[in-house]
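Colleague: Structure provided below as structure tokens; questions to follow.
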Amino acid sequence: MARRRTTDRDANDLPRYFVWVRGLEGPEPQKWTAMDFGIDEWKRPLVLAYLELPEDERALSLSVLARRYPPPRVDLS
């Protein structure tokens with residue numbers, strides 16, 4: 001499938017945050033469109049770190065972002 005050029009409207013729809021969350025096997029990267037911690041803040045304990053992405057990085061893949069912004073150190077004890 002051919003990639004199409006990102007327009008201004010598309011750029012607003014792209015995920016704005018790169019987030020490391022607590023996963024079953026360690027930190028997992030995710031991209032979020034909003035910093036929504038959910039009802040009653042149930043997501044807050046799962047978030048290990050987050051970064052608001054500059055517009056030129058919003059279209060990057062998760063693997064590229066994970067290499068660029070490594071996971072935080074997590075104490076397993």
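Derivation of every value follows stated rules applied to the coordinates shown; laboratory data play no part. Since the model is a prediction, treat every value here as computed from it, not as a measurement. Cβ: placed from backbone, ideal geometry, glycine included. Neighbour counts: every protein chain shown.
Colleague: How many nm is it between the label spots at Glu28 and Ala49, if each spot is 7 Å from the Cα in line with the beta carbon?
Modeller: 1.9 nm
Colleague: Follow-up question, since we're still on this one. Counting only residues 5 or more places away or on other chains, whose amide H sits under 5 Å from the amide H of Leu53 once H atoms are built in the peptide plane?
Modeller: Counting only residues 5 or more places away or on other chains, the set is Tyr17, Phe18.
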